[in-house]
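Below you'll find the structure, written out as structure tokens, and then a few comments.
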Amino acid sequence: MSQGADRQPVLEADALSLRFGAVHALRSVSIHVLEGQIHAVIGPNGAGKSSLLNCLSGFYRPQSGSVRFRGKDISILAPHHRAALGIGRTFQGIQTYPSMTARENILSGFHCRMATGILGALIYWGRVRSEEETFSERAEAIIDFLELEEQRHAVVGDLPYGLRKRVDLGRALALEPKVLVMDEPMAGMSTEEKGDLARFILDIREALGIPVVLVEHDMEVVMAISDRVTVVDFGEVIASGTPAEVSINPRVVAAYLGGNVA
Ligand SMILES: Nc1ncnc2c1ncn2[C@@H]1O[C@H](COP(=O)(O)OP(=O)(O)OP(=O)(O)O)[C@@H](O)[C@H]1O
Ligand SMILES: [Mg+2]
């Protein structure tokens with residue numbers, strides 16, 4: 001586990017407030033994700049976890065508060081600009097293209113990094129070819145990393161759920177993110193699939209050096225792989241700390257024993 005007060009923050013949100021009409025989804029929520037750490041966001045259904053992740057990646061615009069990436073204020077940046085800066089994202093559910101192969105899905109992740117537009121592509125054949133070769137090599141590296149060699153040419157719609165989610169992760173990694181934001185990547189997985197994905201998430205932190213922000217309901221997984229945990233309840237942060245610290249926090253115990261956690 002990586003503790004350490006000397007770690008730099010990579011992705012920070014301060015005092016985010018977000019309303020949808022009468023619903024107060026976030027009330028002055030702050031989170032500080034540090035380099036080299038897996039930071040879990042937990043809380044009951046409807047607590048505001050996805051809303052928080054959407055504010056980090058720019059899909060939701062909070063009414064107040066700020067978001068910083070590596071110290072730079074990115075609050076006004078659109079999602080694709082944040083993605084280009086290095087904020088990678090996977091969503092609740094499946095985001096892959098079912099009729100494409102695993103490799104094609106991963107290649108589709110490079111799209112927003114393509115330096116050459118259509119006009120450029122017509123003029124600079126050489127550049128396009130070398131870009132394609134580079135992306136092809138990187139896609140192969142991701143396939144190796146995620147142990148998807150056997151599924152490389154399989155149509156994603158035919159794959160079991162756990163492998164489809166792994167392809168989805170490969171697509172996010174294609175962006176070469178500086179931080180990866182994942183919303184319930186293990187929902188609906190078998191225990192074995194969860195174990196595999198937990199191992200890959202640890203590898204993403206260790207081998208690739210990419211910090212991860214992760215919403216997860218499975219407390220066993222959260223306790224096993226997280227360096228820090230932020231607990232959200234009714235749009236508010238009720239606790240933040242190491243897994244050991246939050247698990248004995250009376251507000252967290254009360255929220256969870258209240259029986260409103262999935
Ligand atoms: N686009 C939206 N429009 C209206 N209300 C929304 C929207 N997104 C979220 N909400 C509301 O904000 C609150 C927080 O929702 P959010 O999806 O962030 O919760 P969550 O913690 O991710 O829940 P779950 O564990 O079920 O995924 C809920 O009351 C939800 O209905
Ligand atoms: Mg959610």
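Charge tally for residue 255 (other residues, Cβ to Cβ under 11 Å; Lys, Arg +1; Asp, Glu -1): -1.
Looking at the chain alone, DSSP beta bridges between its own residues are antiparallel in about 55 percent of cases.
Largest accessible area first, the residues 97, 60 order themselves as 97, 60 under a 1.4 Å probe with ligands, DNA and RNA left out.
Along its three principal directions, the equivalent ellipsoid of segment 187-252 from the Cα gyration tensor extends over semi-axes of 22, 14, 11 Å, largest first.
Accessible surface computed residue by residue for the chain, with neighbouring protein chains in place and a 1.4 Å probe, gives 47 Å² per residue. Using the Stokes-Einstein relation with a Kirkwood hydrodynamic radius computed over Cα pairs, the translational diffusion coefficient of the chain at 25 °C and a viscosity of 0.890 mPa s comes to 128 µm²/s.
Across segment 13-75, counting alpha-carbon atoms alone, Rg and Dmax equal 11.6, 38 Å. The gain in end-to-end length when the residue 70 to residue 244 segment is fully stretched comes to 59.9 nm, 0.36 nm per residue minus the alpha carbon separation.
Ranking 24, 81, 39 by solvent-accessible area of protein heavy atoms (1.4 Å probe, all protein chains present), from largest to smallest, gives 81, 24, 39. Here the chain has 55 percent of its accessible surface on carbon and sulfur atoms, given a 1.4 Å probe and all protein chains in place. Listed peptides 164-177, 221-234, 242-255, 184-197 appear in the order 164-177, 221-234, 184-197, 242-255 once ranked by packing, highest mean of other Cβ atoms within 10 Å at the front.
The values are calculated or read from the model by the stated rules, or taken from the named source; none is laboratory data. Since this is a predicted model, take the numbers as computed values, not measurements. Here Cβ is always computed from backbone atoms with ideal geometry, including for glycine, and neighbour counts include all displayed protein chains. Just the protein is used for accessible areas: all its heavy atoms, side chains included, with ligands, DNA and RNA removed. Shrake-Rupley method; radii C 1.70, N 1.55, O 1.52, S 1.80 Å.
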